[in-house]
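The values are calculated or read from the model by the stated rules, or taken from the named source; none is laboratory data. Predicted model, so just to flag it, every value in this text is computed and none were measured. Glycine also receives a Cβ, built like all others from the backbone with ideal geometry; neighbour counts cover every protein chain displayed. The accessibility values were calculated without ligands, DNA or RNA, using every heavy atom of the protein model including side chains. Shrake-Rupley method; radii C 1.70, N 1.55, O 1.52, S 1.80 Å.
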Amino acid sequence: MVCTDITMEDLITIHHEMGHIQYFLQYKDQPVSFRDGANPGFHEAVGDVLALSVSTPGHLKKIGLLKTVQDDYEADINYMLSIALDKIAFLPFGYLMDAYRWSIFSGETKMDDLNKKWWQLRECLQGISPPLSRPKTSFDAGAKYHIPANVPYIRYFISVILQFQLHEKLCEVANQTGPLHKCDIYQSKEAGAVLGDMLKLGSSKPWPEALEIITGTSKLSASSLVKYFKPLIDWLKANNTGHRVGWDMDTCPFSATTTAPPSGQSTESGPTGTNGLSTSTSIETVPSSGHSTGSGPTGTNGLSTSTSIGNSCGTGFSLILVLCTVKYTFSPYI
């Protein structure tokens, strides 16, 4: 049972949870071992796909929660910025959670460096520094439940990428021809049928096959996410002209109390992007036989991750402008 208030946040939450429930209902006739999402990211993404339509002003007007919709450029930018602060701002954290866990599993991060590694990632990927110098004997990462409970987190990162890819294709099926940020698949039987075909599979097929049912491709791509936020990206570029965007690791308090980046590692933007982040971050997914849900360095449900993020962060990057230069390419292992 979910206790809710009459708020926009809870309206979105309810639709997210209803997405989980609809997934449960669709794969209920599968054998017990296949009654699960195609991979953990799918279960999270399905609810958020619904929320992308529900949160649009046009939808709120349809269901009587708004009397009028202000259809102008400024309103669009404000709306997309509110979505970006939820979705885009989360991506670095969604990534670093398992980057941290995997660095421990691989032996790269030693027991004496658990706190140091946590704050290096927070500064590098999020631009966040602790308010006070943190001793190496602390374990600040443990304040996030998923770390001490050993709960894989990459599913949430994947779900953000996936939900926009599904959203774009479902909008096409629903014959929505406007910009993605205004698309509402509400009451589209065609979109519902296509989504249902994927959900019915549960985990009986490798996730790339489930993805292909809706998108026509077996590869995850962030291109739909970039397309969704393109007007906002353009607005940010124009309004940030003449301003320094990002952060400098050399001035971070934590960096001053720990070791500096190794010599020879550039802090300038270049072919590897900014903050040592490669302009092509490749995550290969290996469908596992039997669809194991065990956790470990290979993630969950056979998700094996190979990334190329450097050890030195250097100059900071904008959480949204980075979408213009960093391409997340996901390809199923054949």
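It is to be established whether one or more residues within region 56-70 are under 20 Å from the mean Cα position of the chain (by Cα) and under 20 Å from Ala222 (Cα atoms). Checking region 56-70: not a single residue is under 20 Å from the mean Cα position of the chain (by Cα) and under 20 Å from Ala222 (Cα atoms).
Would you tally the residues in region 116-137 being of a type in the set (Ser, Thr, Tyr) and in contact with a Phe, Trp or Tyr (Cβ under 9 Å, 6 or more places away or on another chain)?
Initial filter on region 116-137 (of a type in the set (Ser, Thr, Tyr)): 129, 133, 137.
From the residues that got through so far, the ones that are in contact with a Phe, Trp or Tyr (Cβ under 9 Å, 6 or more places away or on another chain) too are 129, 133.
Number of matching residues: 2.
Among the residues of this structure, Ser53 counts as one that is of a type in the set (Gly, Ala, Ser) and in contact with a His (Cβ under 9 Å, 6 or more places away or on another chain). Filter region 106-146 down to residues that are under 20 Å from Ala89 (Cα atoms), surrounded by 19 or more Cβ atoms within 10 Å (Cβ to Cβ) and hydrophobic (A, V, I, L, M, F, W, C), then give me how many there are. Of the residues in that region, 6 qualify.
Restricting to region 20-53, give me the number of residues that are farther than 18 Å from Ser224 by Cβ and in a helix (DSSP H, G or I). The number of residues fulfilling the criteria is 12.
Criterion applied to Glu168, Glu190 was being open to solvent by 10 Å² or more (accessible area, probe 1.4 Å), in contact with a helix residue (DSSP H, G or I) (Cβ under 8 Å, 6 or more places away or on another chain), acidic (Asp, Glu) and in contact (Cβ under 8 Å) with a residue 60 or more places away in the chain, and the one residue passing it is Glu168. Taken over region 160-178, residues that are part of a loop (DSSP other than H, G, I, E, B) and at pLDDT 95 or above amount to 2. Scanning region 5-35 for residues that are among the β-branched types (Val, Ile, Thr) and open to solvent by less than 70 Å² (accessible area, probe 1.4 Å) returns Thr7, Ile12, Thr13, Ile14.
Residues in region 99-108: is at least one modelled with pLDDT of 95 or more and in contact with a strand residue (DSSP E or B) (Cβ under 9 Å, 6 or more places away or on another chain)?
Residues of region 99-108 that are modelled with pLDDT of 95 or more, as a first pass: 99-108.
Next cut, in contact with a strand residue (DSSP E or B) (Cβ under 9 Å, 6 or more places away or on another chain) only: 99.
Within region 99-108 (the criterion being modelled with pLDDT of 95 or more and in contact with a strand residue (DSSP E or B) (Cβ under 9 Å, 6 or more places away or on another chain)), the answer is yes, since at least one residue qualifies.
May I ask you to verify whether Gln176 is within 24 Å of Ala84 (Cα to Cα) and either surrounded by 20 or more Cβ atoms within 10 Å (Cβ to Cβ) or touching a Phe, Trp or Tyr at 6+ places or on another chain (Cβ under 8 Å) (or both)? In short, no. Given the criteria touching a residue at least 60 places away in the same chain (Cβ under 8 Å), touching a strand residue (DSSP E or B) at 6+ places or on another chain (Cβ under 7 Å), buried (at least 19 other Cβ atoms within 10 Å of the Cβ) and not basic (Lys, Arg), does Ile185 qualify? Judged against the criteria, Ile185 is not a match. Checked against the criterion of being surrounded by fewer than 19 Cβ atoms within 10 Å (Cβ to Cβ), among the hydrophobic types (A, V, I, L, M, F, W, C) and closer than 30 Å to Leu236 by Cα, region 50-61 contains one or more residues that satisfy it.
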